[in-house]
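Input: a single structure, listed below in C-alpha cells.
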Amino acid sequence: MNITNDRLKYDLYEYKLEIKITETKRLLVEGRDDLRFFSRLISEFKAHDRHVLIDTAQDLEGGFSEVRGNREKIEFVCSILDEECWEKFVAFVDREFRGFERDNVIQDIFPEHKVNKGLVWSRGHSVENYFFDVAVLRESFKDLIPISWFDKVIDIFDRIIVEALKLACALSLTGNEIQQFKVIKRTIHWKFIEVSSLHVKLSQDKWRDELINRGQQDFATSVSILEKYISWREKLENVDLKTLQWLCHGHIGMTVLWAVYTQCLRIAFPTDETQELKTLIGKMEGIGEEIRFQSFTGSLTRKALQNKCEYPKEVIELLGLSTL
C-alpha cells in the first residue's frame, strides 16, 4: 500500500486537475507532523491493495492569492472542488480553537469530529491532542524509565493529569490571547512547574523571569502575560478532562505534559538523588520533539486498533479503509 506521494509541488489549479484525473484516493493534510501521523495510522489499518496518496499543503504553491496558512490553503482547495472529486479526496485540518465557548463558561460546542463532505476537522486543536488520552500517555511514558520505577511515577501522574492539562490549557489560551505561542512554548521547563501528589502549579516568579530572559519580553509585558495566565487558569478550574484534552494547544500541551512527567519522576524518589536518576532526567530532556511525536503516534495507533481511544476514524472511513 502506497501512502505517500513523491512530494511533487503543485500550484492550486494543477492540484485540482490532479485530483480530478487520478483514481487513487488522496488525503491532504497541513504539514509534516500530520503526514507522519497519518502515514503511521493508515499503514496499520487493513487496506489490502488499496492505495492512498498523502499530500501536504506545504507542497501547494501558487494560485492562492491572499490565502496564507496551510489550513486556509486546504479549506480553499475544498471550496473549489467539483462534486465528483469527493469520492476520492479527503482533507484534514487543525480545528485550532474553533468551536470552543471561551467567553463565559468554557465548553466544547462540537463534541465530535466536524465533517463537511470530505473535509474533517481534528477533534482537538491539532493531531497532538489525540495523545492526551490517559491510556495513550501511560503507554508512551512506560518505555522511558525502568519498569521497577514506572508504577510509582505513573500513579502520581494519573492523579494530577487533570491539573496538568489545566496548566497546559491556561498557557495555551494565554498564547492565543497574545498571539505568541512560540514565546509560551520556549519558556516552559520542568524547573518552573511545581508538582505534588494532588496539584500542579506554575512557579509564577520563575516563569515571569524566564519570559524576560528566554522569551525576550520586557518586564511590563511579562507581568501582563502572567496576569493573563492567572485569569485563564481561574476560568479553567471546573472544566472537565475531555474538554481540556481537546482545547489545549497541541505543541504546548506536549511540552507541559513532558515537563510534568519529569517532575513526577523527581518527586516519586525525593531522597534518591542518585546518578541513575540524574542520568534518566537528562535522557528525558535530551529526547527531541520528533522522537516524542513518533513514540506517541505509535502508542495512539496501537490503542486505535483496539478501539480504546479517540482517533480520526472518519478520515479512515472516508478513505475506504477498514476500522476495527
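Since every read-out is calculated from the coordinates, none of them should be taken as a lab result. Keep in mind it's a predicted model, so treat the numbers as computed, not measured. Cβ atoms come from the backbone with ideal geometry, glycine included; neighbour counts cover every protein chain shown.
As a test, work out the antiparallel percent of DSSP beta bridges whose residues both lie in the chain, rounded to the nearest 5.
Numbers: 7 of 19 bridges.
DSSP beta bridges in the chain are roughly 35 percent antiparallel.
Go ahead and set up a Gaussian network model of the chain, Cα springs under 10 Å, then flag whichever of Thr297, Thr221, Thr243 fluctuates most.
Thr221
Measure up Lys166/Lys191; Lys185/Lys228; Lys88/Lys117; Lys117/Lys303; Lys152/Lys242 against 20 Å on the Cα-Cα distance and list the ones that go over. Don't skip to the answer; put the middle values down first.
Numbers: Lys166/Lys191 18 Å; Lys185/Lys228 15 Å; Lys88/Lys117 11 Å; Lys117/Lys303 27 Å; Lys152/Lys242 25 Å.
Over 20 Å Cα-Cα: Lys117/Lys303; Lys152/Lys242.
Using 0.36 nm times the number of residues separating Asn238 and Arg102, minus their current alpha carbon distance, what extension gain do you get?
Additional length available on full extension: 47.7 nm.
Quick one: Cα centre-to-centre distance for the range 246-324 and the range 103-133, in angstrom?
The distance from the Cα centre of the range 246-324 to that of the range 103-133 comes to 19 Å.
In nm, give the distance between the simple-model label positions of Gln294 and Asp205, each being 7 Å from the Cα along the Cα-to-Cβ direction.
Each label point is offset 7 Å from its Cα along the Cβ direction, giving 4.2 nm.
Name the residue, out of Leu277, Leu137, Leu165, whose mean-square fluctuation peaks in a Gaussian network model built on the chain with Cα pairs under 10 Å.
Among Leu277, Leu137, Leu165, the largest GNM mean-square fluctuation belongs to Leu277.
Determine, for each peptide in 281-291, 194-204, the mean count of other beta carbons within 10 angstrom over its residues, then list the peptides with the highest first.
Details: 281-291: 11.5, 194-204: 15.3.
The most tightly packed comes first, giving 194-204, 281-291.
Rounded, prolate or oblate: which fits the range 95-210 when a ≥ b ≥ c are the square roots of the eigenvalues of the alpha-carbon gyration tensor, with rounded for a/c under 1.5 and prolate only if a/b beats b/c?
It is oblate, given that a/c is not under 1.5 and a/b is not larger than b/c.
Determine the distance separating the Cα centre of the range 193-221 from the Cα centre of the range 33-92; give it in Å without decimals.
39
Over the range 14-147, what is the relative contact order in percent, taking alpha-carbon pairs closer than 8 angstrom and at least six residues apart?
After rounding, I find 23 percent.
For Cα pairs less than 8 Å apart in space and 6+ apart in sequence, what is the mean separation divided by the residue count of the range 145-286, i.e. the relative contact order in percent? Mind dumping the intermediate values first?
Values: 148 pairs, mean separation 54.8, N = 142.
For the range 145-286, the relative contact order is 39 percent.
Taking only Cα atoms and a 10 Å spring cutoff, compute GNM fluctuations for the chain and point out the largest among Tyr229, Tyr261, Tyr15.
Checking each option, the largest mean-square fluctuation is seen for Tyr15.
To the nearest 20 debye, what is the magnitude of the charge dipole of the range 192-324 about its Cα centre, counting +1 on the Cβ of each Lys and Arg and -1 on the Cβ of each Asp and Glu?
With Lys and Arg at +1 and Asp and Glu at -1, about 300 debye.
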